[in-house]
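Please treat every number below as a calculation from the coordinates, not as lab data. Not measured: the values here are computed from a predicted model. Because the Cβ atoms are built from the backbone with ideal geometry, glycine has one as well, and the counts that use them run over all protein chains shown.
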Amino acid sequence: MARTPGRIARFGLPPIPALAIAVEVGLLLRVLAADVLEWRVRRGGGDRVCLLPDAEYYWKLAETIRDGELFQIVEWGDIPHFALRTPGYPLFLAACRWLLGDRPLGARLVQAGLGALSVWLVFRLARAATGEADRRAAPVASALTAIHPYFVIMSVLLLSEALFVPLLLAFLWAMAVLWDRDATRAMLAPAMGAGVAAGASVLVRPSCLLYFPAATAAWLACRAVSKRPMRPAAVAALVVAIGFAGVMAPWWVRNARIYGAFVPTALWMGASLYDGLNPNATGASDMRFLNEPDVWPNSEQDQDELLRRRAFAFARENPGRALELAVVKLGRYWSPWPNAEGVRSPWLTIASGLVMTPLLGLTAFGLWTLRRDPRAWILLAGPILYFAVIHAAFASSMRYRTPGEVPAMGLAAVGLLRAADGIPGRRKPA
């Protein structure tokens, strides 16, 4: 049978690049998912905008921004929370609501476009980060990203991951571009892009805060070990920091005016940490403790400090139980099938296991193949490993793995190609 480009050429049409096909398929799947999800939510009736409670917070905060009201959530006895969430994703939703109206489908379709953009970004990241290891990896990585079932679904849920993933990929791509450059002038633009993307990522998903300085420091360490010029790299790292601080500064200034103290992200770390480290913790999220009479009447700052102290005290006084919970959380994080209440079923478990088990295996095999390349560890595997460590302390679920799994599709592509090259009788590419 003739190859597709040849058949197309016979009709006088140019061949369609694999990347274009992946982006189009990724967009189509996400638009369909957006329509199905909107139908499902509207069928349920009521005022819900999503199937998950976090979406309701984001939707309310977006409304305050659109209407020019105070950015706050008032709950738990009419106590205002001014930094319950960071403003990145609510700002995005507010823009969607201002441009497209209050029906959530508009925001879902915009997010479908961001999911398709992520397919393109994975191609660029994989091409820059895998180097000469395998030039075929980039189109395979983009194809895997396009059809990744959980990323397709997450792209259209009204959750921060939909915006966080393309921002994270933009940072990783910028760092991959910086990796082999030595001229200061050539480093300035990608360094600023990396800093801006990192700052925007934190405003969307605060739990990623520590990853960006860690990745930048690891890049500098790799340059030092390989005896590459350090002065231009130091300038680039400074530019990354400036870009990051420039994006974060308005939020920092706003919080300083409200609280009279430096609040880098959100005042929700105490509740999130105690959710994962308390006498009744199971590894899953269960925040019913917020309704306890010694918790909810506190102000936002006092509540955050109280729950943070309790979480640290629990871990200090029960190290064995804290370690046991960490193992349970890691199991939930790396689970091939959903483990949250309300979404588990035998058929979904089987289907998810059949898809995700080989995909995770290929990712691990790809990392092993590139184990001597620090870019594979820092840029492709770094996010998924970072979130694994974070959620060994906080509550955990496979949901928290998906954002890190998207850049790791570069590793899965390498693993798939290496496995295919090892099939007896298969002709390897020249």
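Couple of notes before you dig in:
- Along its principal axes, the range 86-242 has C-alpha extents of 55, 35, 25 angstrom, given from the largest down.
- The order of the peptides 222-232, 175-185 by mean Cβ neighbours within 10 Å, most packed first, is 175-185, 222-232.
- Rounded Å value of the spacing that divides the Cα centres of the range 282-350 and the range 235-268: 28 Å
- Above 36 Å, the calculated P(r) of the chain contains 29 percent of its Cα-Cα pairs.
- Per residue, the Cα convex hull of the range 59-140 amounts to 131 Å³.
- Descending by average beta-carbon neighbour count within 10 Å, the peptides 266-275, 246-255 line up as 266-275, 246-255, the highest first.
- Helix 231-259 axis, angle to the chain major axis (alpha carbon atoms, nearest 10°): 30 degrees
- Surrounding net charge for Met230, when Lys and Arg each add one and Asp and Glu each subtract one, Cβ distance under 11 Å: +3
- Local electrostatic count at Ala174 - Lys and Arg +1, Asp and Glu -1, tallied over other residues with Cβ under 14 Å: +3
- Dimensionless Rg/Rh of the range 283-430 - Kirkwood Rh, Rg from C-alpha atoms: 1.11
- In this simple spin-label model, placing a label point 7 Å from the Cα along the Cα-to-Cβ direction at both Val328 and Ile350 gives a separation of 2.9 nm.
- When the inverse distances between all different Cα atoms of the range 281-353 are averaged and flipped, the Kirkwood radius reads 14.7 angstrom.
- For the range 137-196, average projected area of the Cα convex hull in nm²: 5.0 nm²
- Remark: the Lys227-Ala364 segment gains 46.4 nm on full extension, using 0.36 nm per residue and subtracting the alpha carbon distance.
- The range 98-206: relative contact order in percent, alpha carbon pairs under 8 Å with at least 6 residues between: 28 percent
- Two numbers describe the Cα atoms of the range 216-271: Rg and Dmax, which are 16.2, 47 Å.
- Extension gain for Arg42 to Thr357 (0.36 nm times residue separation, less C-alpha to C-alpha distance): 110.1 nm.
- One decimal place: the segment Glu24-Phe312 gains 98.9 nm when fully extended, by the rule 0.36 nm per residue minus the C-alpha distance.
- Peptides 25-35, 294-304 ordered by average Cβ neighbours within 10 Å, highest first: 25-35, 294-304
- Cα convex hull of the range 157-304, projected area averaged across orientations, nm²: 11.4 nm²
- FRET efficiency, 1/(1 + (r/R0)^6) with R0 25 Å, evaluated for Asp78 and Asp294 via beta carbons: 0.90
- In the chain, helices alone account for a calculated mean residue ellipticity at 222 nm of -21500 deg cm²/dmol, with every DSSP H run of four or more residues adding -39,500 (n - 2.57).
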